[in-house]
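Peer 1: Pasting a structure below so you can have a look.
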Amino acid sequence: VQLQASGGGLVQAGESLRLSCKASGLAFSLNVMRWYRQAPGKEREMVASAGATPTTRYADSVKDRFTISRDDAEKIVYLQMNTLKPEDTGIYYCYAWSLGGESWGQGTLVTVSS
């Protein structure tokens, strides 16, 4: 299983970014796909989740600013991040879970300057 995340970068507060995670080697449509992030000196936290059924969940800190979506045909999960804040800075990881196991991507760095 491979999860290849991309789309991170350096932006100013208030700007937007879209992260992508391309999956291979798994039954993508059967997996719950999530984005986690880890800020410097902090624990990794879940940011957004998109289930195999069309349900989504978000951390309170990103609700109404971030949107997770998935393209099961292309095996890609996206994270649209709007109105970014400096506290959104961190490494963003793609994660896949199913009854068969879990996998982590390598992470992509998002830096939001004030």
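The values are calculated or read from the model by the stated rules, or taken from the named source; none is laboratory data. Since this is a predicted model, take the numbers as computed values, not measurements. Glycine also receives a Cβ, built like all others from the backbone with ideal geometry; neighbour counts cover every protein chain displayed. Side chains included, ligands, DNA and RNA excluded: accessible areas come from the protein's heavy atoms. Shrake-Rupley method; radii C 1.70, N 1.55, O 1.52, S 1.80 Å.
Peer 1: Rounded to a whole number of µm²/s, how large is the Stokes-Einstein D of the chain at 25 °C and 0.890 mPa s, given Rh as the Kirkwood radius over C-alpha pairs?
Peer 2: For these conditions, the coefficient is 176 µm²/s.
Peer 1: Starting from the Cα of Lys85, draw a straight line to each of the lysines and keep only those under 28 Å, dropping any in the same chain fewer than 8 residues away.
Peer 2: Candidates past the 8-residue exclusion: Lys22, Lys42, Lys63.
Peer 1: Give the accessible surface of segment 26-114 per residue, rounded to a whole number of Å², with probe radius 1.4 Å and ligands, DNA and RNA excluded.
Peer 2: Here the per-residue accessible area is 53 Å².
Peer 1: Using unit Cβ charges (K, R positive; D, E negative) and no other charged atoms, how large, in debye to the nearest 20, is the dipole of segment 47-114 about its Cα centre?
Peer 2: With only Lys, Arg, Asp and Glu charged at Cβ, the dipole is about 60 debye.
Peer 1: A follow-up question, please. Under a Cβ-Cβ cut-off of 14 Å, what is the net charge of the residues other than Thr111 that fall near it, where Lys and Arg count +1 and Asp and Glu count -1?
Peer 2: Result for the local shell: -1.
Peer 1: Continuing with this model, one more query. If you put +1 on each Lys and Arg Cβ and -1 on each Asp and Glu Cβ, how big is the dipole of the chain around its Cα centre, in Debye rounded to 20?
Peer 2: 40 debye
Peer 1: Oh, and also: Run through segment 11-114 and list the GluC sites (Glu not before Pro) located in a DSSP loop whose Cβ has at most 15 other Cβ atoms within 10 Å.
Peer 2: Glu15, Glu43, Glu74
Peer 1: Round to a whole number: what % of the accessible area of segment 54-114 belongs to carbon and sulfur, probe 1.4 Å?
Peer 2: 51 percent
Peer 1: About the Cα centre of segment 1-59, how large is the charge dipole given +1 on each Lys and Arg Cβ and -1 on each Asp and Glu Cβ? Please answer in debye to the nearest 20.
Peer 2: Roughly 60 debye, rounded to the nearest 20.
Peer 1: Around Thr55, with a cut-off of 15 angstrom between Cβ atoms, what is the net charge of the other residues, counting Lys and Arg +1 and Asp and Glu -1?
Peer 2: Combined, the nearby Lys, Arg, Asp and Glu give +3.
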